[in-house]
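Right, one structure below, let's go through it.
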Amino acid sequence: MLISPAYAQAAAGDPASTITSFIPLVLIFVVFYFLMIRPQQKRVKEHKAMLDALRRGDRIVTNGGIVGTVVSVKPDEREIQVEIADGVRVKVMRDMIASVLTKTEPVAAKAAEEPKT
């Protein structure tokens, strides 16, 4: 025959050898988790927090490279209005914002602005 008897004898295998053969696969998965999956999840969480903190007046950069100022933000909508030049306003999907260049300061309460006598 063409098949060697040595191949047939090696097929029985030891249960301990099958467990040790899975150890490298488990180690590779652990390394991928800590080097790739976990940092990506952290970046996604930070990006979502940045999008939730958008306010009118923030200067932003879109994924397409367009720089503009946020004109209108509604928390229940997925799109925001951005002014990219004087009088030129476009609607941009909230998820397509790459970064916030400058943040505006929150508006102070009227009680804090009034001088005390």
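Go over the candidates 59, 94 one by one and state the one that is out of contact with any helix residue (DSSP H, G or I) (no Cβ under 6 Å at 6 or more places or on another chain), modelled with pLDDT of 90 or more, surrounded by 10 or more Cβ atoms within 10 Å (Cβ to Cβ) and charged (D, E, K, R).
59
Which pairs turn up if I take residues in the stretch 33-51 that are modelled with pLDDT under 95 and look for partners that are surrounded by 10 or more Cβ atoms within 10 Å (Cβ to Cβ) and not basic (Lys, Arg) with beta carbon separation below 7 Å, at least 6 apart in sequence or on another chain?
Matching pairs, first to second residue: 50/100; 51/97.
Just one of (1) at pLDDT below 90; (2) more than 20 Å from residue 47 (Cα to Cα) trips up residue 87, so point out which.
It fails just one condition, (1).
The values are calculated or read from the model by the stated rules, or taken from the named source; none is laboratory data. What you are looking at is a predicted structure, and each value in this text was computed from that prediction instead of being measured. As a convention, Cβ positions derive from the backbone with ideal geometry for all residues, glycine included, and neighbour counts pool all protein chains shown.
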